[in-house]
Amino acid sequence: MTQVSTPSAAPVPPAPPAAAPPSQPRLGLLGWLRFSWRQLTSMRTALVLLLLLALGAVPGSTFPQRSLDATRTARWIEDHPTAGPWLDRLGFFEVYASPWFSAIYLLLFISLIGCVIPRTRILLHQLRATPPRTPKRLERLPAHVAVEVDGEAEEVLEGARKALRAKRYRVHSHGPGTLSAEKGYAKEAGNLLFHLALIGVIVGVASGYLFGWRGDVILPVGQTFANTLIRYDTFSPGPWVDPSALAPYTLRLDEMEATFESRIQSKGQFGAARDFVASTTFTPADGSPSRAEEITVNGPLETGGGTVFLLGNGYAPKITVRDGSGTVVYSEATPFLTVDNLYKSTGAIKVQGPKGDLGFSGFFLPTGIIDDQGPRSVFPDALDPALALTVFEGRIFTSSAPQSVYSLDTTGLTQLTSAGGDPLRIWLKLGQTYELPGGRGSITFDSLDRYAGFSIRADPGKTLTLVSSLLSLAGLVASLVIRRRRVFVRVTDTGPRRLVTVGGLGQGDDDGITDELADVVARLAPEPAS
Amino acid sequence: MPNTSLAGYANLAVYSAMAVLTLATLAYAVFLARWVPARGETVASVAPESELVPAYAGTSTAYTGGSGDAGADQPAVAAAAEVTAPAEPLGARKAAGIGLSLTWLATLLLAVGVGLRGWSVQRWPLGNMHEFATFGSLAVLAVFAFWARRRDLRWLGIFVVAPVLLVLGLAITVWYTEAAELVPSLKSVWLVIHVTVATISVALFGIGFALACLSLVRDRLATSGRPAWMTRVPGGAALEKLAYSLHIIAFPLWTFTLIAGAIWARQAWGSYWNWDPKEVWTFVIWAVYAAYLHARATTGVSRRTATWIAIAGFLCIVINYAVVNVWFVGQHSYSGIS
């Protein structure tokens, strides 16, 4: 009743008590759950999650990842004392295992399942149901054609039915003089397959993590590897793996061949690796006879209990250490770990003696020089091999804590010095011997062997992952290529002739539907009527 | 041992292609300049089939059978278009013709370049950044040249040819790598499968990117209404559809790249997925383009938003190529640049 058109003098009427807001139903717990589920499974949410997934994956490429390179990660954190620990807490060095990244992809997959299940139900229903009734006014459809033809109505309709069937439509007549046809169910089926197969990929990846294992071993030429846990340098089993159940095969490294670029002098090419071939003798676990096997970088060896990959190689100089009386106390091919592309390698020689231990630590250089950058290698092949070592004495193994074979823990050791008081530096070429000061003995660089770095891995999930991803690709192609179309036909009398009206409805942008209708009509009236 | 004289001829072919592409760029620029509608002239844009057909179908309820070919009514439509837009200037037509012929010539020269490079190193010529860029440029030119035979794409010419010229310039200078044998991990049949498909996919995404950008600009221009050559190219919606049609070819190819890469990674590195930076970015690109296709299928998300996602996708490709290859530490460090 309040006339507000004259706002001037009229006394403001008292506000109606409790201007009752439109009463909304209370959601309640179930309601909220249903609401959240609807939101989570909406296409919009999936879109946002997909973009978040892309965004969330990026830090894993910009920051060093602990699982890939723990040393580089530790160094990064050390170099950035403020940001480092915080980023570490937020999971930036373990992105793909971090709670937030996991949350994104888990939500995405829940959303995917919640979206795909109802759609599958609808598709199954549609596959059983008949195409919908012919609309009253076909000329309102986005594409439509009308044509006059001769013949009885039934005949014409039959012709249309045949034409549509020939174009692989499902045809149904809901009433006299009309046809409803639909095709392209495989588009939706492909789309669903794409999404469902992605679940297969995730399951495959997860089972690979749970049941897979990997182990690394460094094997110098001439030595034999027996596939037992104790022989691995590192072994990382999945949570559900029984490491004692390894297949007992053996692998002997007969020769390790490495070729490097020496003819092209340009930067980036000179010294580049060209070929790595590990010639081995493989004795299968099932007792069948030994056979020669070549393992190359792109040619792993399937053993039946894990696959052997050639992932690295390097040098194992044979070093002999004698004590003051000339007795040999150490004589082994000692693998040095390769640290750069020119095969500068680090390693350690640990000699335990009754009076005290001797520890040598330093570099092996296949083509070694010493300049202002210190000892370094200028070519990866063994053209002029050299060892650059420093020496320590004392007790090496003071506790039972495991030590790396390739580095010397110098705590509790004293470094030997030269007469001038500088640390003692040994530079040994192939075949040379160095006499340690104070009658401590000598060290000899006897000969040089190569080693192969094998990684032995098993991933029971990989077949599922591969098959799922290929199915996913097939589904994707089907969903993008196939068109879902509905075509309706109505035949009416127009004097002596029949008027056939054909209407078509495509899903999404379907520019080809007009051609499709024209084609149907052409099959109906093969001779030009004009 | 790579044959250095053959590699020299390969570079010569690339340089020649670049010279030809420079001329093609000029020709396409002249075409666009001559194509600008005169002041006050009513403009009818190039009619791609996608825009024409619905209109034609709507008005032809009295369509009487006939050959059943959609092109049957074409002359009438062409005549109708001529009423609103006078025949385009002869100069424009000539320039575009020259541009197209030069594009073909450049494509052939580049094909010779890639072939000679492959011959000189006795392997598939996709082993370093120089070779990826050259092969990718060839793919872009070939896709464009063949596509331009099927529909009027003269207005797109400069937006394909000029970026290709830029990429070739980088390929022969910054990214140049001497003809050489490959490192052991690249010696595999998967190099041919994985890298070739990836390069073709990137080429398609690249042309799609050009179309996506044009569609956004064209949309803006439709509201400003100033006379420009832009008003002659197909409408924003039609351009967007063209972009989409390329993306839906490129996306499955990229998915295949991802799968083939995983198979190869397992063969060469022992594990099919290592979260190596290059793998991460390949995945990021896949997710962004998946989001694009998803956005385009979502009601309530505008085509414009979807197009922006596609543009973000191509920027990720550029990062993946120009930044990740060179600067990021990973197993894919094959750029040959040090």
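Throughout, read-outs are computed from the coordinates displayed, never taken from laboratory work. Fair warning: this is a prediction, and the values are worked out from it, not measured in the lab. Glycine also receives a Cβ, built like all others from the backbone with ideal geometry; neighbour counts cover every protein chain displayed.
Values as computed for the structure displayed
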quantity	calculated
Inter-chain Cβ neighbour average for residues A:510-519, partner chain, 10 Å	5
Debye intensity ratio in log₁₀ form over the Cα atoms of region A:334-449, taken at each q of 0.13, 0.14, 0.15, 0.22 Å⁻¹	-0.51, -0.60, -0.68, -1.32
Aspartates and glutamates with Cα under 16 Å of residue B:241, excluding same-chain neighbours fewer than 8 positions away	A:509, A:510, A:511, B:49, B:51, B:152, B:219
Charge sum, other residues only, whose C-beta stays under 12 Å from residue A:193's C-beta, Lys/Arg counted +1 and Asp/Glu -1	+1
Spatially proximal lysines relative to residue A:162 (Cα-Cα < 19 Å; intrachain offsets below 8 disregarded)	A:183
Whole-Hz couplings from phi, Karplus 6.51/-1.76/1.60, listed for region A:492-502; x for Gly and Pro	10, 7, 9, x, x, 10, 10, 9, 9, 10, 10
Distant-in-sequence amide H partners of residue A:331 (H built 1.01 Å from N, under 5 Å)	A:321
Sequence ranges B:244-250, A:258-264, ranked by mean other-Cβ count within 10 angstrom, highest first	B:244-250, A:258-264
Two-decimal Rg to Rh for the protein assembly as shown - Kirkwood Rh, Cα set	1.08
Karplus (6.51, -1.76, 1.60) ³J(HN,Hα), θ = phi - 60°, over region B:306-312, in Hz, Gly and Pro reported as x	4, 4, 4, 5, 4, 5, 4
Per-residue average of Cβ from other chains inside 10 Å of A:307-313	3
Interchain or long-range residues, amide H under 5 Å from residue A:379's placed H	A:367
Ranking of B:150, A:483 by count of other Cβ atoms within 10 Å, fewest first	B:150, A:483
Overall dimensions of region A:360-399 by Cα: Rg and Dmax, Å	13.4, 40
Whole-number percent relative contact order across region A:331-480, with pairs defined as alpha carbons under 8 Å at least 6 apart	17
Relative contact order of region B:229-305, defined on C-alpha pairs under 8 angstrom at six or more residues apart (%)	23
Residue-wise HN-Hα coupling along region A:362-370, computed from phi with Karplus coefficients 6.51, -1.76, 1.60 (Hz; x: Gly, Pro)	x, 10, 10, 10, x, 10, x, 9, 10
Backbone N within region A:499-522 under 17 Å of label point (7 Å from residue B:302 Cα along the Cβ vector)	none
Per-residue mean of C-beta atoms belonging to partner chains within 10 Å, peptide B:284-290	5
Farthest toward positive dipole pole in chain A [+1 Lys/Arg, -1 Asp/Glu at C-beta], among A:60, A:478, A:208	A:478
Size of electric dipole in the protein assembly as shown: Cβ of Lys, Arg +1 and of Asp, Glu -1, about Cα centre, debye, nearest 20	2680
For residue A:262, net neighbour charge (Lys/Arg +1, Asp/Glu -1) across residues whose Cβ lies under 12 Å away	-1
Rel. contact order, % - alpha carbon contacts under 8 angstrom, at least six apart, chain A	18
Eligible lysines near residue A:344 by straight Cα distance, threshold 26 Å, same-chain separation 8 or greater	A:267, A:318, A:429, B:187
GluC sites (Glu not before Pro) within region A:131-186, DSSP loop, no more than 14 other Cβ atoms inside 10 Å	A:152
Protection proxy ranking of B:164-170, B:230-236, A:507-513 - average other beta-carbon atoms within 10 Å, highest first	B:230-236, B:164-170, A:507-513
Cβ-based net charge around residue A:394, under 12 Å, with every Lys or Arg adding one and every Asp or Glu removing one	0
Quotient of C-alpha Rg and 2.2 N^0.38 Å, computed over region A:34-123	1.42
